[in-house]
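Below is one structure; the comments refer to it alone.
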Amino acid sequence: MATGDDQTSQAARLAAVQETIARGAKKAGRDVDDVTLIAISKMHDAAAIRPLIAEGLRVFGENRVQEAQGKWPELREDTPDIELHLVGQLQSNKAEDAVALFDAIHSVDRPSLVKALAKAFDKTDRRPTLFVQVNIGDEEQKGGCASGDLPDLLERAETAGLEIAGLMCVPPLGVAPAPYFALLAKLAKRHELPALSMGMSGDYETAVMCGATHVRVGTALFGARG
Ligand SMILES: *Cc1c(COP(=O)(O)O)cnc(C)c1O
């Protein structure tokens, strides 16, 4: 259960994150309103999430469809204007569930998923905002399409009638992220995609300076997971 102290520390953490985003935007000469903070609430329960909703935050992210199905319908009953983003890998057989629940999907990364999403769109009038996830460091065993496959995947999405809003990445661990953020920004520009989902707790200020329109922040808002 959230205690009064939790509420205070959540509010303080949120203020600190918002300040950091504002600082990054200012350094880059960007408007802070062009950056959306997505609070990544994976592995945190409703009691941990409610204080942030009470602080006025409305944009949240999860990495698993099933986990999100378990906690968000009830939270949304109390706060209908919540915007929910899926930032984790999506199995094609969960595409319909994801389209039903999420307002944005950041992990479009392969032709079979494009097909499954197009099929899911046909069955409903829901149209979540879509991001293509790029494996920006071309790492083995990492989610996202290889940067070399991006043009083909974007073309398939267009053919299937899916509008892609932007690109998403998780840069390699343990190295400076800025070159990877810059590369993602360059790819988005080349393909005339306006949205850039990049930056996590350790690097979101840098991401904002590199042009992020969506930062995905978990630990800095909620504390360590589990
Ligand atoms: C968990 C997760 C985040 C948030 O990570 P933190 O380091 O806790 O801020 C962001 N993006 C994705 C894809 C994640 O899985």
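The values are calculated or read from the model by the stated rules, or taken from the named source; none is laboratory data. Just so it is clear, the structure is predicted and the values come from calculations on it, not from any experiment. We place every Cβ from the backbone using ideal geometry, glycine too, and count neighbours over all the protein chains shown.
For the stretch 108-128, taking the residues that are in contact with a Leu (Cβ under 9 Å, 6 or more places away or on another chain) and either in a helix (DSSP H, G or I) or modelled with pLDDT under 95 (or both), the one that is nearest to L153 (Cα to Cα) is identified as P111.
Looking at the stretch 203-226 only, could you name the residues that are near the ligand (Cβ under 9 Å from one of its atoms), of a type in the set (D, E, K, R) and at pLDDT 95 or above?
Filtering the stretch 203-226 down to residues near the ligand (Cβ under 9 Å from one of its atoms) leaves 203-204, 215-222, 224-225.
This time we only want the ones that are of a type in the set (D, E, K, R), so: 203, 216, 225.
D203, R216 - these are the residues of the stretch 203-226 that are near the ligand (Cβ under 9 Å from one of its atoms), of a type in the set (D, E, K, R) and at pLDDT 95 or above.
When Q18 is tested against the conditions (1) assigned to a helix (DSSP H, G or I); (2) crowded, with 19+ Cβ neighbours inside 10 Å, the lone failure is (2). All conditions but one from (1) surrounded by 19 or more Cβ atoms within 10 Å (Cβ to Cβ); (2) within 20 Å of C145 (Cβ to Cβ) apply to K186; the one that does not is (1).
State all residues of the stretch 107-123 that are under 20 Å from the mean Cα position of the chain (by Cα) and among the charged types (D, E, K, R); if no residue qualifies, say none. Those that are under 20 Å from the mean Cα position of the chain (by Cα) and among the charged types (D, E, K, R): D109, R110. Within the stretch 171-192, which residues are in contact (Cβ under 8 Å) with a residue 40 or more places away in the chain and either closer than 17 Å to L57 by Cβ or part of a loop (DSSP other than H, G, I, E, B) (or both)? Within the stretch 171-192, just H191 meets the criteria. For the condition at negative phi and free of Cβ contacts under 8 Å to residues at least 12 places away in the same chain, P51 does not qualify.
How many of the residues making up the stretch 129-144 are assigned to a loop (DSSP other than H, G, I, E, B) and surrounded by fewer than 24 Cβ atoms within 10 Å (Cβ to Cβ)? It would help to see each step written out before you state the result.
Of all residues in the stretch 129-144, those assigned to a loop (DSSP other than H, G, I, E, B) come to 136-144.
Cutting the leftovers down to surrounded by fewer than 24 Cβ atoms within 10 Å (Cβ to Cβ) gives us 137-143.
Summing the residues that are assigned to a loop (DSSP other than H, G, I, E, B) and surrounded by fewer than 24 Cβ atoms within 10 Å (Cβ to Cβ) in the stretch 129-144 gives 7.
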